[in-house]
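Below is one structure, written out as structure tokens, with a few remarks after it.
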Amino acid sequence: MYKAKYMLVKDKYAEEDMVAAGWADVERYTSNRTPICLLVDDGCPLIHVYRCHWEDVHHKPPIADNGRPLLDIIPNDFLDRFCDVMESYGIKGKFSIVPAPAGKGDIVRGIEGFDPVLTREWLETARRRLSPLCDFCPEGITHNLALNLDTNDYFDESESDWSQHQTRETLTPYLIRALQLLKEAGFDATGVTSPWVFGIKVELEYVAAIVAAQKAVYNRDFSWYFLHMLHDQPDTRPWIAYQSGKTTLVSIASNVRDWFWETINSPRTDTEYISAIADKMLTTDGRKGHIVDALNAEGWPVILTHWQSLFSNGLETGLRVLDELGRRIEKRLADHVEWMTCSQIAILTAGR
């Protein structure tokens, strides 16, 4: 059950890329376990970007469905508790960083209204504790209104809406700005994540822009991106979206939806509630749930969540769900799955 043997031989892929992905043995990598990955969207220091969406993009009061006001900030110590869970179970994947969240400063200059030390502390923690476990990537520039690069003002469209009528000529400098901010902040951004469904209607142009931007900022010829949410297709595996000469771009889609999201709008924090949410991904006996559905369909389970889903409007219920899910995977699926970063998954995709 759940067999997914794969092998990568050195001449199929550049040695430096395998080392960068965390594999010291660049001659050969084999396993009988299926890759599994966690995608964390919307990460950033201090700013609660979900709250900002409601005000600036949706033009609605920032109030959760249960009537509680959405909190203004996500404090730095939440990142520490998140890292605790990731490290406890060796959970791997990718962690998005919004470079200029909601247009309120940026990760290089600091977040507006806060001591720049707080921004630097958050970034240092992310680099130190998440680098062994996650790829980093930008998720738009603001994950809010699109930035006019010519004037540094904002369009009256969200980044996602703006992107749908752009070309590679306008998307490339936008992605370059996002990648440059992460690079200046000390991050090696190996891929790109779409805010919302950024670029989905012009995906060929978007793909070309990702390739060009990664080359311009990091001189990188191999990369990955997250755009597609294929939660009704458990057999999904990543695929090569672009390949020309030495240049390769891999598309990594999620096939396990963000079940953590409902905690944003619920006051419940009890053990029964947490277990019920985890059950949707993996039951306590390891026999049912969307992760098992993916394995049975010979897909690679790619689990989606969001920074605000784990924060749960201050209750951190989603983080407790992640802790429970990590425990169940370790107990029930350790012989069947292997946590991997997006770079590692992309390498296997390109080499198989």
task = Read phi for every residue in segment 267-282 and hand back ³J(HN,Hα) as whole Hz from Karplus 6.51 cos²θ - 1.76 cosθ + 1.60, θ = phi - 60°, with x for Gly and Pro.
result = x, 6, 9, 6, 4, 4, 5, 4, 5, 5, 5, 4, 4, 5, 9, 7
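Could you order HIS306, HIS290 so the one with the most accessible surface comes first? Probe is 1.4 Å. Don't skip to the end; give the middle numbers.
On the way: HIS306 30, HIS290 55 Å².
Largest accessible area first, the list is HIS290, HIS306.
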key: Computed label-point distance, nm, for sites TRP54 and ASP188 using a 7 Å Cα→Cβ extension   = 4.0
inquiry  = Leaving out ligands and nucleic acids, and using a 1.4 Å probe, what accessible area per residue does segment 71-151 come to in Å²?
reply    = 37
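Please pull out the direction-averaged projected area of the chain, using the convex hull of its alpha-carbon atoms, in nm² to one decimal place. Walk me through the intermediate numbers first.
Numbers: hull surface 65.9 nm².
Result: a mean projected hull area of 16.5 nm².
Count charges around LEU179 for me, please; just the other residues with Cβ under 14 Å from its Cβ, Lys/Arg as +1, Asp/Glu as -1. Could the numbers behind the result be given before it?
Values: positive: ARG177, LYS183, LYS215, ARG220; negative: ASP106, ASP135, GLU139, GLU184, ASP188.
Overall, the nearby charge balance is -1.
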task = Send over a whole-number figure in Å² for the accessible area per residue of segment 243-352, probe 1.4 Å.
result = 36
inquiry  = Rounded to the nearest percent, how much of the accessible area of the chain (1.4 Å probe, protein heavy atoms only) is carbon and sulfur?
reply    = 48
ask   = How many angstrom lie between the C-alpha centres of segment 92-147 and segment 274-352?
value = 24
note = With all protein chains present and a 1.4 Å probe, the order of ARG237, ARG120 from largest accessible area down is ARG120, ARG237
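Determine the sum of side-chain charges near THR317: Lys and Arg each +1, Asp and Glu each -1, restricted to other residues whose C-beta is under 15 angstrom from that of THR317.
The answer is -4.
Would you mind calculating the gained length between VAL117 and ASP235 on full extension (0.36 nm times residue separation, minus the Cα-Cα distance), in nm to one decimal? Provide the component values of the computation, followed by the final result.
Values: separation 118, 0.36 × 118 = 42.48 nm, distance 4.47 nm.
Length gained, VAL117 through ASP235: 38.0 nm.
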ask   = Given the rule -39500 (n - 2.57) for each run of at least 4 DSSP H residues, summed and divided by the residues of the chain, what is its mean residue ellipticity at 222 nm, to the nearest 500 deg cm²/dmol?
value = -10000 deg cm²/dmol
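The values are calculated or read from the model by the stated rules, or taken from the named source; none is laboratory data. Values in this document were obtained by computation on a predicted structure and should not be read as measured data. Cβ sites come from the backbone with ideal geometry, for glycine too, and all protein chains shown count toward neighbours. Only protein heavy atoms, including side chains, enter the accessible area calculation; ligands, DNA and RNA are left aside. Shrake-Rupley method; radii C 1.70, N 1.55, O 1.52, S 1.80 Å.
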